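Have a look at the structure below before the remarks.
The values are calculated or read from the model by the stated rules, or taken from the named source; none is laboratory data. This is a predicted model, so every value here is computed, not measured. Please note: Cβ atoms are built from the backbone with ideal geometry, for glycine as well, and neighbour counts cover all protein chains shown. What goes into the accessible areas is simple: the full protein's heavy atoms, side chains included, and nothing from ligands, DNA or RNA. Shrake-Rupley method; radii C 1.70, N 1.55, O 1.52, S 1.80 Å.
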Amino acid sequence: MSKTLGIGVIGCGNISAAYMRLAPLFTGIEMRACADLNADAAKTRAEEYGLRAETIDGLLAADDIDIVVNLTVPNAHFAVSKQVLEAGKHVYSEKPFVLSLQEGLDLKAIADARGLRVGSAPDTFMGGAHQLARHLVDAGAVGRIASGTCFVQSPGMEMWHPNPDFFFQPGGGPILDLGPYYISNLVQLLGPVARVTALSSSASEYRTITSQPRNGEKIKVETPTTIHAVMQFVSGAQVTYCASWDVWEHGHSNMELYGTTGTLHVPDPNFFGGEVRMTEKSAFVNPSVEWDHPFSKANDAGRANYRCAGLADMAQAILEGRPHRCSNDFALHVVDVMTAILHSGDTKTLVELSSTCDRPEALTPDAATALLA
Ligand SMILES: NC(=O)c1ccc[n+]([C@@H]2O[C@H](COP(=O)([O-])OP(=O)(O)OC[C@H]3O[C@@H](n4cnc5c(N)ncnc54)[C@H](O)[C@@H]3O)[C@@H](O)[C@H]2O)c1
């Protein structure tokens with residue numbers, strides 16, 4: 001690829017360091033500038049990673065920025081992404097993409113009218129492990145997937161994040177915060193969801209921060225922290241999904257998919273790597289495929305971490321005039337599934353989804369290699 005697209009970041013908090021550290025792994029993108037409501041946060045990251053600190057208006061007006069990566073907090077995602085599109089630039093957002101189907105449709109209308117791209121994390125489904133699972137599902141290695149279970153349960157977020165408030169406000173909670181990883185992976189594996197039902201609750205009214213520097217401060221819980229949902233996919237598969245920040249310990253696997261001839265154990269969709277295990281009937285067997293995928297290889301503190309892969313794929317897709325994998329329609333459907341789960345929990349009803357999407361194209365080992373510098 002001969003051309004490189006200039007990348008600017010809005011939102012220089014916790015996760016921005018990973019984007020800035022990992023962007024140089026990829027071809028077709030160059031991290032150039034960053035901005036934040038808090039000018040000191042932008043200045044700090046700019047100094048750490050050799051970028052230009054800008055005001056938000058300055059970044060949106062900069063001629064050398066083609067794609068803006070929106071790393072603000074969830075309840076600012078829509079407004080910031082809209083501002084980026086209205087400034088004539090492509091936008092790639094951290095998850096959750098937006099907080100309602102309508103917000104996503106509004107962004108799509110603006111982007112389509114201006115010929116701009118919208119993309120959203122997560123891109124962990126592009127990891128080597130999840131692409132192996134995709135290969136096995138598509139090859140019928142365990143037959144037709146009829147059902148499955150997913151569990152993402154922990155004691156919470158207030159023990160590690162320095163500013164954990166947003167996790168417990170509308171827009172946070174384990175469905176909107178962690179659901180994007182699980183539901184994106186399920187949709188890339190099984191296709192779109194047709195309907196959902198769920199029950200939701202919160203074990204505590206307040207949470208006490210135990211991370212620094214706000215150790216001891218209390219946060220009011222304003223969104224459910226335990227949600228048990230069932231999703232029925234258009235394919236007919238039905239998957240139980242339990243997401244909670246009220247659980248100290250449990251013994252469930254992250255994701256298991258039950259096919260008509262065997263079972264697939266899929267590793268944590270919050271990460272790119274991990275071990276995919278499969279059975280033929282009830283006996284564990286090695287998948288009969290050579291799988292040397294670059295996004296399985298440990299590259300960052302002992303883990304496979306290819307954050308920016310979705311951004312690099314979007315940049316390459318813009319340059320090549322092809323669809324990108326972390327697409328507007330895909331992210332929008334995932335938001336629709338998550339907000340339908342929350343709505344079902346609130347109203348104790350079955351919710352039929354109004355959106356759908358195509359599965360993102362599989363990322364073969366060769367296609368992943370072509371994204372790397
Ligand atoms: N921290 C993680 O490990 C992690 C991992 C994956 C995804 N994410 C997602 O990334 C996003 C950011 O998370 P974080 O942990 O970096 O949060 P953070 O609170 O550490 O940082 C957010 C930054 O955005 C800035 N900001 C907020 N509103 C803004 C606005 N309107 N305009 C400009 N700047 C604004 C804040 O000043 C802050 O510096 C969230 O959506 C989160 O779900 C975080």
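Would you mind checking which residues have amide H under 5 Å from Y306's amide H? H placed 1.01 Å from N; only 5 or more apart, or other chain.
Sorted by chain and number, the residues that satisfy this are F272.
Pick out, from V239, I209, H250, the residue whose Cα sits farthest towards the positive end of the charge dipole of the stretch 207-250, with +1 on the Cβ of Lys and Arg and -1 on the Cβ of Asp and Glu.
Towards the positive end, the residue furthest out is I209.
Mind jotting down a quarter of the surface of the convex hull over the alpha carbons of the stretch 106-180, in square nanometres, one decimal?
8.6
Can you work out the Karplus-derived ³J(HN,Hα) for every residue in the stretch 132-138? Use 6.51 cos²θ - 1.76 cosθ + 1.60 with θ = phi - 60°, whole Hz, and x for glycine or proline.
Working through the residues one at a time gives 5, 4, 4, 4, 5, 4, 5 Hz.
Run the quick spin-label model on A194 and D346: label points 7 Å from Cα toward the beta carbon, then report their separation in nm to one decimal.
That separation, rounded to one decimal, is 2.6 nm.
Could you list the GluC sites (Glu not before Pro) in the stretch 289-373 that lie in coil according to DSSP, counting only those with at most 11 other Cβ atoms within 10 Å of their Cβ?
Taking the stretch 289-373 and a limit of 11 other Cβ atoms within 10 Å, the loop GluC sites (Glu not before Pro) found are E290.
Provide the per-residue ³J(HN,Hα) series for the stretch 229-237, in order, calculated from phi with Karplus coefficients 6.51, -1.76, 1.60 and θ = phi - 60°, each as a whole number of Hz, with x at glycine and proline positions.
10, 10, 10, 10, 7, 4, 5, x, 5
Taking amide H atoms as placed 1.01 Å from N in the peptide plane, list the residues 5 or more away in sequence, or in a different chain, whose amide H sits under 5 Å from that of T210.
Under 5 Å from the amide H of T210: M159, G216.
K108 versus Q169, label points 7 Å from Cα toward the beta carbon: distance in nm?
Label-label distance for K108 and Q169, simple model: 2.7 nm.
With +1 assigned to the C-beta of every Lys and Arg and -1 to the C-beta of every Asp and Glu, and no other charges, what is the dipole magnitude of the stretch 1-51 about the Cα centre in debye, to the nearest 20? Don't jump to the answer; show the numbers that get you there.
Working: 5 positive and 5 negative charges, 36 e Å.
Its charge dipole is roughly 180 debye.
Just want to confirm a number: the relative contact order over the stretch 136-215, from Cα pairs under 8 angstrom separated by 6+ residues, in percent. Could you put the intermediate results ahead of the total?
Details: 37 pairs, mean separation 31.6, N = 80.
Contact order relative to length: 39 percent.
How large is the charge dipole for the chain, taken about the Cα centre, if only the Cβ atoms of Lys, Arg (+1) and Asp, Glu (-1) carry charge, to the nearest 20 debye?
For this selection, approximately 300 debye.
Under 14 Å from the Cβ of A340, count the other residues' Cβ atoms, weight Lys and Arg +1, Asp and Glu -1, and hand me the total. The partial results should precede the final answer.
Values: positive: R195, K348; negative: D336, D346, E352.
Net local charge, A340 excluded: -1.
Could you tell me which of V73, L116, L132 has its Cα farthest along the dipole of the stretch 72-145 towards the positive end, charges placed at Cβ (Lys, Arg +1; Asp, Glu -1), taken about the Cα centre?
Of the listed residues, the answer is L132.
Per residue, how much accessible area does the stretch 67-216 have with a 1.4 Å probe, in Å²?
32
Mind ranking Y49, Y206 by accessible surface for me, highest first, 1.4 Å probe?
Y206, Y49
Residues with amide H under 5 Å of T225's amide H, sequence separation 5 or more or different chain, H placed in the peptide plane at 1.01 Å from N; which?
For T225, whose amide H was placed from the backbone, the distant partners under 5 Å are S201, S202, A203.
Which value in Å does the Kirkwood hydrodynamic radius of the chain take, with 1/r averaged over all unlike C-alpha pairs and then inverted? Spell out each step's value before the answer.
Numbers: mean 1/r = 0.0476 Å⁻¹.
The answer is 21.0 Å.
As a test of the definition: which semi-axes, in Å, follow for the stretch 108-247 when you take the square root of five times each eigenvalue of its alpha carbon gyration tensor? Largest first, please.
31, 20, 15
Pop out the carbon and sulfur fraction of the accessible area of the stretch 221-361 as a percent, whole number, probe 1.4 Å.
That fraction is 48 percent.
On the accessible surface of the stretch 1-98, probed at 1.4 Å, how many percent belong to carbon and sulfur atoms?
49
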